[in-house]
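J.: One structure, as structure tokens, below. Some questions next.
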Amino acid sequence: MSKMTKKKVHVRKGKKIKKIINQKKAVSKPRIGIHSITGCAGCQLSIYFIEDVLLDLLDKINLVAAPMIKEQNEEEGYDVLFVEGSVSSQEDLDNLLKWREKTKALVALGACACHGGMQSMKHLMNEKEVESAAYAKFPSDPRVKPITSVPLHKYVKVDFYIPGCPPDKQEIIQVLKHFLQGRRLRVYDKAVCHECSLKENYCLLDQGIECLGPLINGGCRALCPSFNHPCTGCRGLLDDANLESGKQVLKDKGFDVDLIIKRMTKYNSLQFKEFEEKTNINNKK
Ligand code: SF4
Ligand code: SF4
Ligand code: SF4
């Protein structure tokens, strides 16, 4: 395992998450909503595809809003609201602010909602050029008025994060059971490498494959490396990821700097930009 894994890590927004995790009170027949802003809808599908468990749960929850699969949807009084996608348009923002007021707990579902996802690449590009290329066809439609693409917590309080693209079904089930039964949640706070080593995988970095595992939040049971695919970072950069050390390790292995940065920013451009800004400030001190 590389030297990048040395530090112990902590989950983003740890205190807020712990507050929810330790809340043991179960909610009887919680009113649950599943809403979407800018994304690909894959996160919602991850919920609907756990049909074996979902069918069992359906008589224990009140699925009051799920516009993808229900015709009649309630607009308020949620106990738990899952939101997928990132805030990328004025309509997204208006909806998110409205939903936050209507729910007791808000769950950011997936890479887009937790870290900004691929659409946050705009942070590292000329935003106006990107917007005119993507939205020029709809100049007067206020619904697609673009704004800088950011994860949910930049605008509202998020009570729990389920990262990943798409998110892990087991984590979705755990969160549902937490609200239903007051079960304590397991919050994974180590790099992907940790689970990868426990599975005794042969390290891809050592085989000359550009894997980001040392820099990325684990909890996915090292899904990609277990199938010989490099981790591309869908669960977000660790809070204390050492990007400089990460870049150096990959450079030393012979990888092109542009490729390394493209990999690091695929899902996490905003996080990457914030890390770089912090490093620049520290270097100037
Ligand atoms: S996180 Fe991935 S699966 Fe979910 S909406 Fe974004 S792109 Fe789609
Ligand atoms: S394959 Fe990737 S995730 Fe696994 S130990 Fe090596 S660097 Fe870490
Ligand atoms: S190994 Fe990396 S890219 Fe694959 S699911 Fe885990 S965090 Fe996402």
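What follows draws every value from the coordinates through simple rules; no lab data is involved. Predicted, not measured: the structure shown is a model, and the values here were computed from it. Here the Cβ is made from the backbone with ideal geometry for all residues, glycine too, and neighbour counts use every protein chain on show.
J.: Which of the pairs 247/284; 98/262; 104/278; 29/157; 98/122 have their Cα atoms more than 28 Å apart in this structure?
T.: 98/262; 104/278
J.: Can you list the residues of the range 119-160 with backbone N under 13 Å from a point 7 Å past the Cα of residue 185, pointing along Cα to Cβ?
T.: 158-160
J.: Mind giving me the nanometre distance, one decimal, between the label points for residue 73 and residue 248, set 7 Å out from Cα along Cα→Cβ?
T.: If labels sit at residue 73 and residue 248, their model points lie 4.9 nm apart.
J.: Let me ask another. What do you get for GluC sites (Glu not before Pro) in the range 135-205 restricted to DSSP loop and a cutoff of at most 12 other Cβ within 10 Å of the site's Cβ?
T.: Sites meeting the loop and neighbour criteria: 200.
J.: Next question. How would the range 23-181 be classified by its alpha-carbon gyration tensor: rounded, prolate or oblate, with rounded meaning a/c under 1.5 and the a/b versus b/c comparison settling the rest?
T.: Verdict is prolate for the range 23-181.
J.: Compute the angle between helix 169-181 and the longest alpha-carbon principal axis of the chain, please, reported from 0 to 90 degrees and rounded to the nearest 10.
T.: Approximately 40 degrees, to the nearest 10.
J.: Also, I was wondering about something else. Might you report the magnitude of the Cβ-based charge dipole of the chain about its Cα centre, with Lys and Arg at +1 and Asp and Glu at -1, to the nearest 20 debye?
T.: Roughly 1280 debye for the chain.
J.: Taking R0 as 30 Å, what FRET efficiency do you get between residue 49 and residue 203 from their Cβ-Cβ distance, rounded to the nearest 0.05?
T.: 0.45
J.: Using a/c under 1.5 as the rounded threshold, could you call the range 131-262 rounded, prolate or oblate? The axes a ≥ b ≥ c are square roots of the C-alpha gyration tensor eigenvalues, and prolate needs a/b larger than b/c, oblate otherwise.
T.: Since a/c reaches 1.5 but b/c is at least a/b, the shape of the range 131-262 is classed as oblate.
J.: Sticking with this one: Does the chain come out rounded, prolate or oblate by the C-alpha gyration tensor, with a ≥ b ≥ c the root eigenvalues, rounded set by a/c under 1.5 and, if not, prolate when a/b is larger than b/c and oblate if not?
T.: Here the chain falls in the oblate category.
J.: Output the lone cysteines of the chain: those with no second cysteine's C-beta under 4.7 Å from their C-beta.
T.: 40, 43, 112, 114, 193, 196, 203, 211, 220, 224, 231 - these cysteines have no disulfide-compatible partner (Cβ-Cβ under 4.7 Å) in the chain.
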